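The values are calculated or read from the model by the stated rules, or taken from the named source; none is laboratory data. This structure is a prediction, so every number in the text was calculated from the model and none was measured. As a convention, Cβ positions derive from the backbone with ideal geometry for all residues, glycine included, and neighbour counts pool all protein chains shown. Heavy atoms of the whole protein, side chains included, go into the accessibility calculation; ligands, DNA and RNA do not. Shrake-Rupley method; radii C 1.70, N 1.55, O 1.52, S 1.80 Å.
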Amino acid sequence: MAALPLAPGSTVGILGGGQLGRMLALAAARLGFDVAVLERQADSPAGRVAMKLIVGAYEDEAALEELAQLTDVVTYEFENVPAKSVEWLVTRGVEVAPGPKALAVAQDRVAEKTFLNANGAPTVAFAEADTPEAAVAAVAQIGAPALMKTRREGYDGKGQRWVEHAADAARVFAELGSVPVIVEARADFVRELSIIAARGRDGGTAVYPLAENHHEKGILRRSIAPAKAPKALQDRAERISARVLSGLEYVGVIGIELFELRDGTLLVNEIAPRVHNTGHWTMDGCEVDQFEQHIRAVAGWSLGPTHPTHQVEMLNLLGEEALAWRRFAAEPETRVHLYGKREAKPGRKMGHINRVKPL
Ligand code: AMP
């Protein structure tokens, strides 16, 4: 077992080598930690900034063993890491954070919404279905139009379809692959918000100001933060995050996506047990950003201050948009963050920029 708080010079393990892993690794290095990344690809955004890269699948026991030998605590940048791999590390005495409960809840949309409602964090009405007949019944129960989503492994708007009439439900169920689904009532929201929150190993919490988020084709395009929001709305979001964090006995940073309804009610859309794209603004807009905060939490350090220092517009650079780095770099108000991905495929998150203004 690692002695916590983890001393500088110790090694933090990260499952996953994407951009979130890269920004976590850079933050960890700033605090004096070494980083070991386990990732399937030999060339990855996080692998290229880590002290040690272990190339392997998450299920690869030899790779997990190597990670366990090297590291004192392990975290992940991706919520679909197999629960078994995390259990395996825990049985080897590795401290894994966020823990297995957060992972189990976040991996299954039905478990997630059931957990949220049981913990006083409201969501849209929902029903589950495992067969075409059950899918039709679920849409009839919830009311069309309804959103059908695969229970597992959806991201960036993938694995979900609108059902306009209950009679279409069996066809949509088949289009989604005839896998277990959740059917959700349509949220009649005025805007999408998110709150990034953190909980330390001592149970202390910290929350960031709300961000207002805009998506295109299911992918986050832009966040504006701190969002224009009355104090009552921020307080409501903070109460929701406190319930979620304590209900999950959480350690680390969590992203909570919210729908704001016309009357100011907040519904939780989903939770991500990791650092979150809608929290990238904190890198240039807050005293301690979400990446350092996450490393502090998993390492058992005290959490840092979350006060905003700047107004930020965060823009994701998708595909070839990142080729305009020269122009962005020439703008004095723009902070450029590029992930070092070799190939600019359409829609791929290549980097982001934070346009900052004094508050
Ligand atoms: P998700 O993959 O659950 O984050 O959904 C991706 C996007 O689909 C969200 O950011 C919303 O814009 C939209 N969406 C998801 N669920 C609902 C819902 N129940 N009602 C209306 N829009 C939704």
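Given the options Glu313, Glu270, name the one that is more than 16 Å from the chain's Cα centre (by Cα) and of a type in the set (Asp, Glu).
On the way: Glu270 fails: more than 16 Å from the chain's Cα centre (by Cα).
Among Glu313, Glu270, only Glu313 is more than 16 Å from the chain's Cα centre (by Cα) and of a type in the set (Asp, Glu).
Those residues that are among the aliphatic types (A, V, I, L, M) and open to solvent by less than 20 Å² (accessible area, probe 1.4 Å), I need them from segment 3-19; list them, please. Give the steps one after another, and end with the answer.
Step one: of segment 3-19, the residues among the aliphatic types (A, V, I, L, M) are 3-4, 6-7, 12, 14-15.
The answer is Leu6, Val12, Ile14, Leu15.
When the residues of segment 296-353 are filtered to those that are basic (Lys, Arg) and under 25 Å from Gln234 (Cβ atoms), the one that is surrounded by the fewest Cβ atoms within 10 Å (Cβ to Cβ) is Arg335.
Condition (residue is among the hydroxyl-bearing types (Ser, Thr, Tyr) and within 30 Å of Asp202 (Cα to Cα)) applied to segment 116-124: is it met by at least one residue? Checked segment 116-124: at least one residue is among the hydroxyl-bearing types (Ser, Thr, Tyr) and within 30 Å of Asp202 (Cα to Cα). Screening Ala242 with (1) open to solvent by 10 Å² or more (accessible area, probe 1.4 Å); (2) more than 22 Å from Asp202 (Cβ to Cβ) gives one miss only, at (2). Checking each residue in segment 185-212 for being surrounded by fewer than 22 Cβ atoms within 10 Å (Cβ to Cβ), touching a residue at least 60 places away in the same chain (Cβ under 8 Å) and within 16 Å of the ligand (Cβ to nearest atom) picks out Ala185, Arg186, Ala187, Asp188, Phe189, Val190, Arg191, Glu192.
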